[in-house]
Amino acid sequence: MTDWLGLRDRAALVAGAGGIGAAAALALARQGARVMVADVDEERLAKLTEQAAELGVNLDTRVADLTDAEDARKAVAGAAAALGGLDVFLHAVGMNDRRPALETPDEVWQRIIDVNLKSAVWTAQAAGALMVDAGYGRIVFVSSVSGLLAHAHHAPYAATKGGVNQLCRVMAREWAPHGVTVNAIAPGYTETDLTRAYLDRPGMRESMVGLVPAGRLGTADDLVGPLLFLSSARSAFVTGHVMYVDGGRTLV
Ligand SMILES: NC(=O)c1ccc[n+]([C@@H]2O[C@H](COP(=O)([O-])OP(=O)(O)OC[C@H]3O[C@@H](n4cnc5c(N)ncnc54)[C@H](O)[C@@H]3O)[C@@H](O)[C@H]2O)c1
């Protein structure tokens, strides 16, 4: 296999072993990158290890609560120690809890800010420090179309995704002189555990599909190409972007 993306032997940490993180980690491993995946959920990590073995690729895993600053920094340092550096960092950790803004209790606000935004801050800051020192790095956040559109019942989720977009842009500006790019992809509704129960509500899937010019919802595989490109040596002059991967959802 040619190495057009320049990912072979790159050291990559993926935060989040859910639908999107797992697809990204397996794709990176298939490109020949050395991959570590961190998640709070041990079972998901075990399942991902099995999937990797079935595909004949290797990846390491690490259990970490990335909302905790200390644990997050240890996970990044541990990955860099195990992989012999850190070239790529993908943040694919997140949660949602859909309620009207007036009915969202403090603890739900706090939890979504912790999981979606603070985990991104702690991990990307630690990854960025190593990459700035090394003079090379690729950081990619998984944001959402909700960082742009005003979806009802998404107040904390949308606020954290808007926060991730601006975190991405400021880190991109600060670290550009050091060979480190920082970008985000912003998916529309993608079929993973995060959206399954919601999309299974009567009529919901049809109504969501109706909002997408491409006429279907996304899959984790739809995100892999953009994620690999932004993780690769080929995207050296692309930084501070939020790339919508949404079948045109944000066009209408
Ligand atoms: N699925 C979609 O429709 C969609 C759309 C737009 C954006 N996104 C974003 O993509 C990212 C990944 O979502 P997904 O669809 O793969 O969801 P998912 O629920 O399948 O995966 C999320 C992962 O985050 C992990 N996680 C949660 N709290 C954690 C913590 N404290 N420490 C470490 N890991 C933790 C979970 O264990 C899980 O493996 C999220 O940021 C999500 O907001 C998803």
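Worth a mention:
- Within the set Arg8, Arg34, the sole residue that is charged (D, E, K, R) and in contact with an Asp or Glu (Cβ under 7 Å, 6 or more places away or on another chain) turns out to be Arg34.
- Within region 158-212, the set of residues being assigned to a loop (DSSP other than H, G, I, E, B), surrounded by fewer than 22 Cβ atoms within 10 Å (Cβ to Cβ) and out of contact with any Phe, Trp or Tyr (no Cβ under 7 Å at 6 or more places or on another chain) comprises Glu191, Thr192, Asp200, Arg201, Pro202, Gly203, Gly210, Leu211, Val212.
- Residues (away from the ligand (no atom under 12 Å from the Cβ) and free of Cβ contacts under 8 Å to residues at least 12 places away in the same chain) located in region 183-236: Asp200, Arg201, Pro202, Gly203, Met204, Glu206, Ser207, Val209, Gly210, Gly225
- Conditions (1) open to solvent by 30 Å² or more (accessible area, probe 1.4 Å); (2) under 22 Å from Phe229 (Cβ atoms): number failed by Glu43: (2)
- The listed residue being more than 23 Å from Leu26 (Cβ to Cβ) and within 11 Å of the ligand (Cβ to nearest atom), out of Asp106, Asp114: Asp114
- Per-region count, region 59-100, residues more than 12 Å from the ligand (Cβ to nearest atom) and either in contact with a Gly (Cβ under 6 Å, 6 or more places away or on another chain) or of a type in the set (Gly, Ala, Ser) (or both): 8
- Filtered residue count, region 213-235, keeping only those that are in a helix (DSSP H, G or I) and closer than 22 Å to Asp97 by Cα: 1
The values are calculated or read from the model by the stated rules, or taken from the named source; none is laboratory data. Predicted model, so just to flag it, every value in this text is computed and none were measured. With ideal geometry, Cβ positions are generated from the backbone for all residues, glycine too; neighbour counts draw on all protein chains shown. Note: accessible area is taken over every heavy atom of the protein model, side chains too, but ligands, DNA and RNA are not part of it. Shrake-Rupley method; radii C 1.70, N 1.55, O 1.52, S 1.80 Å.
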